[in-house]
Amino acid sequence: MSLLTSLARQVTQQATIVAAQRVAAHAYHLTLASPAFVDWKYVPGQTLNVFFGLSARGEAATLRKRTYSVWDYNPLTAQLELAVCTFSDGPGARWAAQCQPGDEVSFYGPGGKFLLDPTATGFALLGDVSCLSHFYSLRRQIPANVPVISVIHAPHADDCFPDLDGSSPLHFVVADRLSAEQYLAAAKEQGLQTSPQTLIYWGGPQTTCVAGHRLLQREWQWPDRLLKTKPFWK
């Protein structure tokens, strides 16, 4: 076992997979339980660092890590929900597809800065389906009287999945691709105006996030304090 692997084991905690199911063509819903979840101070939008090879024995242990949004957290059951997208077919995708109840996993967290700002007077949630569970966690906590605009891109209809209660409160756009300009055009159709008053969260592929950020700053004159951008993948 390497020194880094040994150190990682000292700072991570253990959770058990209690449920795993496929919820879309490229997404799995995982439920994790751990005594460490009991005293969490959960903030919607937080993430969890999952080390899915650290529990193996001896030299088989690895530091393979992915960061996943916390879809929901239940302090009464000490459980949390994750939605793992598998478009990349990388190590994290293969792990999610193979998860079984009873499997152990190491984690570190919670963390993240792509958090809900409860003081905002309006929200726009823009991104692809890799952001879906993250945006569901934010949307669930926004008061009913606060306006919410949303544009969620999905390559195919079967890539979309509902929130945990079965509702679908976000607006999907099914297309091969969606440019930053198309995201903003779809948001404008829902009422996003060029005079800034809405807090925009933009996630998903890095190139689209960067392009969208630049458009909002340079052409829409959107203030930085009302723009949160986080690439979920490159």
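Where a number appears in this text, it was derived from the coordinates with a stated rule and is not lab data. On a predicted model such as this, the values are computed, not experimentally measured, just so you know. Cβ coordinates were reconstructed from backbone atoms using ideal geometry, including for glycine residues, and neighbour counts include every protein chain displayed.
Net charge within 11 Å of Val129 by Cβ-Cβ distance, Lys/Arg positive one each and Asp/Glu negative one each, not counting Val129 itself?
For residues surrounding Val129, the net value is -3.
Shape verdict for region 171-217, please, from the Cα gyration tensor: rounded (a/c under 1.5), prolate (a/b greater than b/c) or oblate. Here region 171-217 falls in the oblate category.
Total lysine pairs in the chain at Cα distances under 24 Å, for residues eight or more apart or on different chains: 12.
Only one item in (i) 32, 18, 17; (ii) 25, 21, 20; (iii) 29, 21, 14 matches semi-axes √(5λ) of the Cα gyration tensor in Å derived from the coordinates shown, and that item is (i). Neighbours of Arg140 by Cβ distance under 13 Å: Lys/Arg scored +1, Asp/Glu scored -1, total -3.
The trypsin sites (Lys or Arg not before Pro) of region 103-190 that DSSP puts in a loop, and whose beta carbon has at most 16 other beta carbons within 10 Å, are Lys113, Arg140, Arg177. Highest GNM mean-square fluctuation, the chain, Cα pairs closer than 10 Å: which of Asp103, Asp72, Asp165? Answer for the Gaussian network model of the chain: Asp165.
Count the net charge of all other residues whose Cβ sits under 15 Å from the Cβ of Pro101, scoring Lys and Arg as +1 and Asp and Glu as -1.
Here the charged neighbours net out to -2.
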